[in-house]
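Engineer: Dumping the structure here so I can ask a few things about it.
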Amino acid sequence: MDPSIQNGKSTAIKRVIYAWPYLTWGGAQIYFLGLLKEARKYFDISVVMPAGSDPQLVKYFEEEGIEPDFFEPAFERPVGSGLSSKYELHRSKIASERGLLNHLEEKYDLESSIVHIELAPWQSLLSLVWLSLRTIVFITMHNSLPHVNPIRKALWNLKLRTISRFRHFHPFSSNRDSKNYFKGMYSDEMHKSIAVTYTNVNPEEIDVAYDAQIDREAIRKANGLRADSFLVICVGQFVDRKGRWTFLDAAKRVIAESDDIDFAWVSNSELSSSDASKIEDYDLGDRFKLIDSDSVGNEHSDLFKLVRASDIFVLPSFVEGLPISLLEAMALEMPCISTSINAIPEAVIHEETGLLIEAGDDVDLAGSIMRLRSDEELREALRSAARELVLNTFNEKEVAKIASERYLAAARLKK
């Protein structure tokens with residue numbers, strides 16, 4: 001055993017702190033939840049999140065024996081797209097990051113800590129430099145960056161080259177697509193060192209949900225859904241990058257052809273009045289249901305039950321890393337349709353573990369839904385292949401071991 005580790009704890013580096021500045025939550029926080037289960041074998045664990053965070057998220061950490069530590073102010077994305085909204089977005093982001101960094105400095109011994117933080121160097125370089133001068137810092141890159149003009153791309157490259165100079169800064173990538181994208185942006189040495197710590201599922205939690213007996217009719221009725229329809233479901237933020245309007249465009253096409261196929265989207269996003277009005281314009285009636293995730297139930301298993309009470313899972317994203325909701329659906333043996341963008345094809349292999357469409361192609365999405373509806377043999381083939389791939393490749397325990405090994409290596413180098 002390394003001499004810096006005694007009784008399962010690091011003597012020089014004693015704590016890993018998982019932190020993020022924003023209220024909207026999703027796969028990144030579930031990813032942290034998976035990593036800390038292994039890291040706690042070697043370190044004390046703290047989770048720092050903004051005050052006002054979703055009680056459901058707080059509960060997930062409390063169930064692991066972690067009492068989240070709250071700071072203020074939170075980063076909250078303003079509604080709207082005008083100049084004033086952009087100013088407010090920038091102001092809120094800076095204020096929240098400053099509040100988080102002040103909280104970390106005031107409450108924790110950063111010299112004896114590792115901070116795994118959800119910040120991006122192309123957006124928050126100064127914050128990461130400040131942290132890297134005081135402690136060991138890890139980030140995880142989930143997505144490649146959007147296409148921008150050459151000047152902005154050059155600025156991003158400069159920022160990544162700058163952070164590459166800091167020996168206590170360590171990036172992970174949650175998929176291979178993201179790692180490959182950043183080749184040539186970080187220094188060559190830093191890029192080679194990036195470990196892929198996949199977005200992942202908890203196999204024990206999945207197995208419990210997979211083996212549980214469910215009452216499909218009761219679950220559907222509890223969520224305001226028809227008991228006897230063929231149900232197409234999506235789980236994720238109800239935002240443009242997730243392909244919400246492609247989903248509804250496809251739903252309108254399918255509903256025009258079939259009276260036994262319904263659609264549901266489970267989300268923790270707050271719906272604006274303009275979004276609500278646009279949904280009404282589709283005139284889907286009770287054939288589409290936008291379900292608040294809080295109303296599904298207090299446990300993660302309640303969401304799994306609703307997914308299992310559906311017939312196929314669809315995620316028509318435009319921008320994505322490797323979404324945990326998709327991996328969970330695949331592990332639960334749901335036939336899945338998603339888009340051939342970013343890291344999704346690392347999990348969804350067309351006609352082997354799921355079906356792939358081009359982002360924004362509502363015609364192909366509608367056709368793929370109809371194809372799965374009519375081809376039970378294909379649905380069954382996709383079910384078993386998808387579950388096997390996810391449990392073998394995107395396993396929380398194996399991913400967490402990789403992350404903890406990197407934490408320990410960084411702790412030894414600092415000693």
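The values are calculated or read from the model by the stated rules, or taken from the named source; none is laboratory data. Given the structure is predicted, the values throughout are model-derived calculations rather than measurements. Here Cβ is always computed from backbone atoms with ideal geometry, including for glycine, and neighbour counts include all displayed protein chains.
Engineer: For region 169-195, what are the residues that are without any contact (Cβ under 8 Å) to a residue 60 or more places away in the chain and outside any loop (DSSP other than H, G, I, E, B)?
Structural biologist: Passing the criteria: PHE169, PRO171, SER173, LYS179, ASN180, TYR181, ASP188, GLU189, MET190, HIS191, LYS192, SER193.
Engineer: I've got another one for you. Looking at region 232-239, is at least one residue of a type outside the set (Val, Ile, Thr), free of Cβ contacts under 8 Å to residues at least 60 places away in the same chain and in the same structural domain as PRO323 (by TED's automatic domain parsing)?
Structural biologist: Yes, some residue in region 232-239 is of a type outside the set (Val, Ile, Thr), free of Cβ contacts under 8 Å to residues at least 60 places away in the same chain and in the same structural domain as PRO323 (by TED's automatic domain parsing).
Engineer: Okay, moving on. Quick check on this structure: which one of LEU322, LEU332, LEU315, LEU326 is in contact with a Leu (Cβ under 6 Å, 6 or more places away or on another chain), in contact (Cβ under 8 Å) with a residue 60 or more places away in the chain and surrounded by 18 or more Cβ atoms within 10 Å (Cβ to Cβ)?
Structural biologist: Just one listed residue meets the conditions, LEU315.
Engineer: Out of all the residues in region 46-57, which are crowded, with 19+ Cβ neighbours inside 10 Å and outside any helix (DSSP H, G or I)?
Structural biologist: Across region 46-57, the qualifying residues are SER46, VAL47, VAL48, MET49, PRO50, SER53.
Engineer: Limited to region 79-105, what total is found for residues that are under 21 Å from the mean Cα position of the chain (by Cα) and either surrounded by fewer than 15 Cβ atoms within 10 Å (Cβ to Cβ) or free of Cβ contacts under 8 Å to residues at least 24 places away in the same chain (or both)?
Structural biologist: The qualifying residues number 0.
Engineer: So which residues in region 240-283 are of a type in the set (A, V, I, L, M), surrounded by 17 or more Cβ atoms within 10 Å (Cβ to Cβ) and not in a helix (DSSP H, G or I)?
Structural biologist: ILE261, ALA264, VAL266, listed by residue number.
Engineer: A follow-up question, please. Which residues, counting only those in region 128-173, are under 26 Å from LYS414 (Cβ atoms), out of contact with any strand residue (DSSP E or B) (no Cβ under 6 Å at 6 or more places or on another chain) and among the small types (Gly, Ala, Ser)?
Structural biologist: Selection gives SER164 alone.
Engineer: Picking from LEU306, LEU326, which residue would you name as being outside the structural domain of SER178 (by TED's automatic domain parsing), part of a helix (DSSP H, G or I) and within 18 Å of LYS221 (Cα to Cα)?
Structural biologist: Sole residue among the options that is outside the structural domain of SER178 (by TED's automatic domain parsing), part of a helix (DSSP H, G or I) and within 18 Å of LYS221 (Cα to Cα): LEU306.
Engineer: Condition first: within 17 Å of TYR210 (Cβ to Cβ), under 18 Å from the mean Cα position of the chain (by Cα) and among the small types (Gly, Ala, Ser). Now tell me which residues in region 282-329 satisfy that.
Structural biologist: Answer for region 282-329, where residues must be within 17 Å of TYR210 (Cβ to Cβ), under 18 Å from the mean Cα position of the chain (by Cα) and among the small types (Gly, Ala, Ser): SER301, SER325, ALA329.
Engineer: Hey, among LEU355, LEU372, LEU378, LEU413, which residue is touching a Lys or Arg at 6+ places or on another chain (Cβ under 8 Å), more than 30 Å from ILE194 (Cβ to Cβ) and surrounded by fewer than 16 Cβ atoms within 10 Å (Cβ to Cβ)?
Structural biologist: Criteria check complete, one pass: LEU378.
Engineer: Follow-up. How many residues are part of a helix (DSSP H, G or I) and either over 21 Å from THR353 (Cα atoms) or aromatic (Phe, Trp, Tyr) (or both) when one looks only at region 372-397?
Structural biologist: 1
Engineer: Let me ask another. For residues that are in contact (Cβ under 8 Å) with a residue 60 or more places away in the chain and of a type in the set (Lys, Arg), scanning just region 31-59, find the one that is nearest to ALA400 (Cα to Cα).
Structural biologist: This residue is LYS37.
Engineer: Among the numbered criteria (1) modelled with pLDDT of 95 or more; (2) in a loop (DSSP other than H, G, I, E, B), which single criterion is violated by VAL314?
Structural biologist: Failed condition: (2).
Engineer: Residues to consider are LEU391, LEU382, LEU356, LEU378; find the one that is within 20 Å of the chain's Cα centre (by Cα) and free of Cβ contacts under 8 Å to residues at least 60 places away in the same chain.
Structural biologist: When all the criteria are applied, what remains is LEU356.
Engineer: Answer with yes or no whether ALA264 is touching a residue at least 24 places away in the same chain (Cβ under 8 Å), within 18 Å of ASN175 (Cα to Cα) and either small (Gly, Ala, Ser) or assigned by TED's automatic domain parsing to the domain that holds ILE214 (or both).
Structural biologist: no
Engineer: Same structure again: Go through TYR18, TYR60, TYR42 for me and flag whichever is assigned by TED's automatic domain parsing to the domain that holds VAL137, buried (at least 16 other Cβ atoms within 10 Å of the Cβ), in a loop (DSSP other than H, G, I, E, B) and among the aromatic types (Phe, Trp, Tyr).
Structural biologist: Checking each option against the conditions leaves just TYR42.
Engineer: Which number in (1) in a helix (DSSP H, G or I); (2) more than 30 Å from ALA409 (Cα to Cα); (3) charged (D, E, K, R) marks the one condition that ARG98 misses?
Structural biologist: Checking ARG98 against (1) in a helix (DSSP H, G or I); (2) more than 30 Å from ALA409 (Cα to Cα); (3) charged (D, E, K, R), the one that fails is (2).
Engineer: In contact with a helix residue (DSSP H, G or I) (Cβ under 6 Å, 6 or more places away or on another chain) and in the same structural domain as ARG176 (by TED's automatic domain parsing): is that true of ALA195 in this structure?
Structural biologist: yes
Engineer: When region 202-222 is examined, which residues are found to be at pLDDT 95 or above and crowded, with 18+ Cβ neighbours inside 10 Å?
Structural biologist: ILE206, ALA209, ILE219, ARG220
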